[in-house]
Amino acid sequence: MTDTRSDGGGTMGGRPDHGDNNERLREATVGDLERHDDTVALAEYDPAWPDLYLREAERIRTALGTSALAVHHVGSTSVPGLPAKPVIDIVLTVSDSADEAAYVPALKEAGYVLRIREPDWYDHRLLEGPDTDVNLHVFSEGCPETDAMLAFRDRLRADDAERDRYARAKRELADRRWRYVQDYADAKSDVVRGILDDDRP
């Protein structure tokens, strides 16, 4: 597959462990799964990223109307000063993310392409954007993963030390070679959970 996986903080809540992560990724991917076999290129923060998000959010809301219960900019491109893969991560809340017929056809009409289907992980769906590098993550209303993604974003926005801690971890991991980009994203999960745990009373 193309580079569709999030730079938004690894896995917040933890995906189920099936033993073979590559097999899980193959099963979840809609279409071809292409190997990366390289390091991960990070870009310095670009102040144009919020505007790209706003454009995509409007496209999503126009396509879905009231079916789009919430649309948020998440991931590293949503945190000023943080280096990131230049892919805009967006989280979309719908009534039931497993009910693809309720939202996928309308998003396809708007140019989005379904790339990931994870029924055993919060019924997560991921779609690629039509003309900008966008990862659109879809979860059901009340999903704890959405809350975690927003909490992580807000923590990094509010705390320079934690933002710098995460940036260091990202740069170190990005310099390694990864079979799939998702492996890089998953490798960040421990530092993500550490930052979230530091914010708990």
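Numbers for the structure displayed
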quantity	calculated
Choice from Gly129, Gly142, Gly75 with maximal GNM fluctuation in the chain (Cα, 10 Å cutoff)	Gly142
Read-out percent of Cα pairs over 21 Å apart, derived from the coordinates shown; its label in (1) 65; (2) 49; (3) 57	(2)
For the chain, built as a Gaussian network whose Cα springs stay under 10 Å, the top-fluctuating residue of His73, His124, His137	His124
Hits among lysines - C-alpha to C-alpha of Lys188 under 23 Å, sequence gap 8 or more where chains match	Lys85, Lys170
Value of [θ]222 nm, deg cm²/dmol, for the chain, DSSP H segments ≥ 4, -39500 (n - 2.57) each, nearest 500	-11500 deg cm²/dmol
Accessible carbon and sulfur surface of the chain relative to its total accessible area, %, 1.4 Å	46
Rounded, prolate or oblate (a/c below 1.5 giving rounded, otherwise prolate when a/b exceeds b/c) for segment 139-201 by Cα gyration tensor	oblate
Accessible area per residue in Å² at 1.4 Å probe, computed on the chain	45
Relative contact order of the chain, pairs being alpha-carbon contacts under 8 Å that are 6 or more residues apart, as %	30
Centroid-to-centroid separation of segment 131-197 and segment 32-77 [C-alpha atoms, Å]	13
Cα-based shape type of segment 81-160, given that a ≥ b ≥ c are square roots of the gyration tensor eigenvalues and the cut on a/c is 1.5	oblate
Top of Ser67, Ser78, Ser140 by mean-square fluctuation, Gaussian network on the chain, Cα under 10 Å	Ser67
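The values are calculated or read from the model by the stated rules, or taken from the named source; none is laboratory data. Because the structure is a prediction, the values reported are computed rather than measured. Note: accessible area is taken over every heavy atom of the protein model, side chains too, but ligands, DNA and RNA are not part of it. Shrake-Rupley method; radii C 1.70, N 1.55, O 1.52, S 1.80 Å.
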